[in-house]
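These notes concern the structure reproduced below.
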Amino acid sequence: MTFPPNRRPPLSGNNLELARRLFHLSGLVLLLVPYFFGDKAGWVFALLALLLTIFDWWRRHSPLGQRFLRSVAGRLMRTYETNAPVATVYYFWGLALSFLLFGNSCGCLALVVLAVADPLAGLGGRLWPTPAFLRKTLSGTLVCFVSTTLIFWLWKITLLKALGGAILTALLENLSPVDDNLVLPLGVGALCHFFF
């Protein structure tokens with residue numbers, strides 16, 4: 001179906017998934033937080049996470065809050081997020097803890113992996129459907145591995161450490177018992193701090 005130039009196709013199916021992934025990728029702009037706030041970046045992320053948590057609680061427990069968020073981001077939300085915290089809450093708590101526990105350098109690396117490798121893994125899993133591998137698709141896990149390896153290598157981490165770290169990161173993204181937006185930055189931050 002073609003749309004006139006002044007109308008965009010509706011967000012549904014693959015378009016909706018792409019919009020979610022682009023929103024995830026837009027997290028790269030958060031690299032400005034450590035740039036402007038220096039060593040206080042972790043506390044800025046913690047404050048933002050706290051404010052998002054309060055807003056999200058209000059959104060889940062208030063009819064006005066539910067209407068407001070549905071009007072702003074309702075189409076981007078997953079169905080399970082209707083009565084549970086949205087992924088953005090986990091995203092900011094993961095960043096806050098990563099920056100506070102492991103410092104700005106490791107926090108920045110965790111932010112880049114979260115903003116780039118995680119959405120690419122999701123797209124890879126949808127674009128190239130493969131059988132399940134552990135909890136997610138094999139293709140998504142491989143895309144996570146490749147993109148994380150490239151990010152680590154661009155971060156000037158030796159190739160052997162980048163490969164090992166990427167294997168652990170891809171497995172962590174695949175096997176995360178809670179939302180991977182919380183676990184992934186903590187795992188990458190810890191890898192960076194203790195092994196890189």
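Number of residues in segment 170-191 that are touching a Cys at 6+ places or on another chain (Cβ under 7 Å), at pLDDT below 95 and within 26 Å of L52 (Cβ to Cβ) equals 1.
Just checking, does segment 151-174 include any residue being within 30 Å of R59 (Cα to Cα) and buried (at least 22 other Cβ atoms within 10 Å of the Cβ)? Checked against the condition, which is being within 30 Å of R59 (Cα to Cα) and buried (at least 22 other Cβ atoms within 10 Å of the Cβ), segment 151-174 yields at least one hit.
Examine segment 122-134 for a residue that is closer than 21 Å to V29 by Cβ and touching a Pro at 6+ places or on another chain (Cβ under 8 Å), and state whether such a residue exists. No; the residues of segment 122-134 include none that is closer than 21 Å to V29 by Cβ and touching a Pro at 6+ places or on another chain (Cβ under 8 Å). Residues of segment 131-139 include at least one that is over 16 Å from L171 (Cβ atoms) and either out of contact with any Cys (no Cβ under 6 Å at 6 or more places or on another chain) or of a type outside the set (A, V, I, L, M, F, W, C) (or both). Checking each residue in segment 128-145 for being surrounded by 15 or more Cβ atoms within 10 Å (Cβ to Cβ) and either more than 18 Å from A87 (Cβ to Cβ) or not basic (K, R) (or both) picks out F133, T137, L138, S139, G140, T141, L142, V143, C144, F145. Scanning segment 55-64 for residues that are surrounded by 13 or more Cβ atoms within 10 Å (Cβ to Cβ) and not basic (K, R) gives F55, D56, W57, W58. Taken together, the residues in segment 36-50 that are more than 20 Å from the chain's Cα centre (by Cα) and without any contact (Cβ under 8 Å) to a residue 24 or more places away in the chain amount to 3.
Of note, G103 satisfies the criterion of being closer than 12 Å to P34 by Cα, out of contact with any strand residue (DSSP E or B) (no Cβ under 8 Å at 6 or more places or on another chain) and among the small types (G, A, S). Inside segment 19-54, residues that are surrounded by 16 or more Cβ atoms within 10 Å (Cβ to Cβ), more than 18 Å from V112 (Cα to Cα) and modelled with pLDDT under 90 make up a count of 0.
The values are calculated or read from the model by the stated rules, or taken from the named source; none is laboratory data. The model shown is predicted, which means the values in this text are computed figures rather than measured ones. FYI the Cβ positions are ideal-geometry reconstructions off the backbone, even for glycines, and counts take in every protein chain you see.
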